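Beneath this line is the structure, given in structure tokens, with notes to follow.
The values are calculated or read from the model by the stated rules, or taken from the named source; none is laboratory data. Predicted model, so just to flag it, every value in this text is computed and none were measured. Here the Cβ positions follow ideal geometry from the backbone for every residue, glycine too, while neighbour counts run over all protein chains shown.
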Amino acid sequence: MDMYKSLLEGNKRWVDEKLKEDPEFFNTLAKGQSPQVLWIGCSDSRVPANEITGTKPGDVFVHRNIANMVVHTDMNMLSVLDYAVNVLKVRHVIVCGHYGCGGVKAAMGNQQFGIIDNWLRNIKDVYRLHADELDKIENEEERFNRLVEINVMEQVFDLSKTSIIQNAWRDRNLPFIHGWVYSLHTGIIKDLGVTFDSTTKMTSVFNITASKVEVA
Ligand code: CO
């Protein structure tokens, strides 16, 4: 059978299962959503946000792109973030990367891949910022793993530099922002310990809620 047909059959089986567990399952979800978490993850098909966290439809608002990036000119990411923070009022924003990420691997190399090179440039900038640490790691696999971790941390810092996050921190001391890495080999998520809920540890040039300046 053609793969796309099996998706529709899989959907029917899933609906049957859900209704068997809870006849009101879809009626409840149709009333609205109030997820507590925004997930910013990689588009990689092996890292499905709900499945690996044991969560259900309605629990997690999701944004995915190649290598789980927070790029300040990305209207898609900014719109998702603004809606999640200011309308849904999520308590947590999680950037979740994964070891073995093809986007990070490609960014470590010197090959051209096409349009995506422009996206991967952001990861090359992350490498440049941490070149002192990364260049010292002789084992390529270990260097790759470390860049995956550092890239997630930098995306968490990039989140904290947005006016969306800083205004929310000023007004309601939320959301918490976190950096995680998922292992394709074990299925385990590692918390990188870069959780923030204020601008207090931030280099002053990035703090944009300290004072309001009149712009002529
Ligand atoms: Co990836």
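Tabulated values for the structure
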{"read-out": "Test: residue in region 4-20 that is part of a loop (DSSP other than H, G, I, E, B), at pLDDT 95 or above and more than 16 Å from the ligand (Cβ to nearest atom)", "value": "no"}
{"read-out": "Selected residue [surrounded by fewer than 16 Cβ atoms within 10 Å (Cβ to Cβ) and under 20 Å from Asn76 (Cβ atoms)] from Asp132, Asp117, Asp191, Asp158", "value": "Asp117"}
{"read-out": "Cβ-Cβ under 9 Å pairs, at least 6 apart or on other chains, region 87-109 side in contact (Cβ under 8 Å) with a residue 12 or more places away in the chain, far side small (Gly, Ala, Ser) and surrounded by fewer than 16 Cβ atoms within 10 Å (Cβ to Cβ)", "value": "Leu88/Ser34; Lys89/Ser34; His98/Ser183; Tyr99/Ser183; Gly100/Ser183; Gly103/Ser43"}
{"read-out": "Residue match in region 39-52 (condition: within 16 Å of the ligand (Cβ to nearest atom), surrounded by fewer than 16 Cβ atoms within 10 Å (Cβ to Cβ) and polar (S, T, N, Q))", "value": "yes"}
{"read-out": "For Ala30: the one exception among (1) more than 16 Å from the ligand (Cβ to nearest atom); (2) of a type in the set (A, V, I, L, M); (3) touching a strand residue (DSSP E or B) at 6+ places or on another chain (Cβ under 6 Å)", "value": "(3)"}
{"read-out": "Number of the condition not met by Lys105 [criteria: (1) within 16 Å of the ligand (Cβ to nearest atom); (2) buried (at least 18 other Cβ atoms within 10 Å of the Cβ)]", "value": "(2)"}
{"read-out": "Residue ID - farthest from the ligand (Cβ to nearest atom), chosen from residues in region 53-64 that are out of contact with any Gly (no Cβ under 8 Å at 6 or more places or on another chain) and touching a residue at least 24 places away in the same chain (Cβ under 8 Å)", "value": "Gly58"}
{"read-out": "Elements of type helices (runs of 4 or more DSSP H) in region 61-169, at least 2 residues being farther than 22 Å from Ser43 by Cβ", "value": "116-129, 131-135, 140-160"}
{"read-out": "From the options Gly187, Gly193, residue that is at pLDDT 95 or above, at positive phi, of a type outside the set (Phe, Trp, Tyr) and assigned to a loop (DSSP other than H, G, I, E, B)", "value": "Gly187"}
{"read-out": "Residue among His72, His92 that alone is more than 16 Å from the ligand (Cβ to nearest atom), exposed (fewer than 12 other Cβ atoms within 10 Å of the Cβ) and under 14 Å from the mean Cα position of the chain (by Cα)", "value": "His72"}
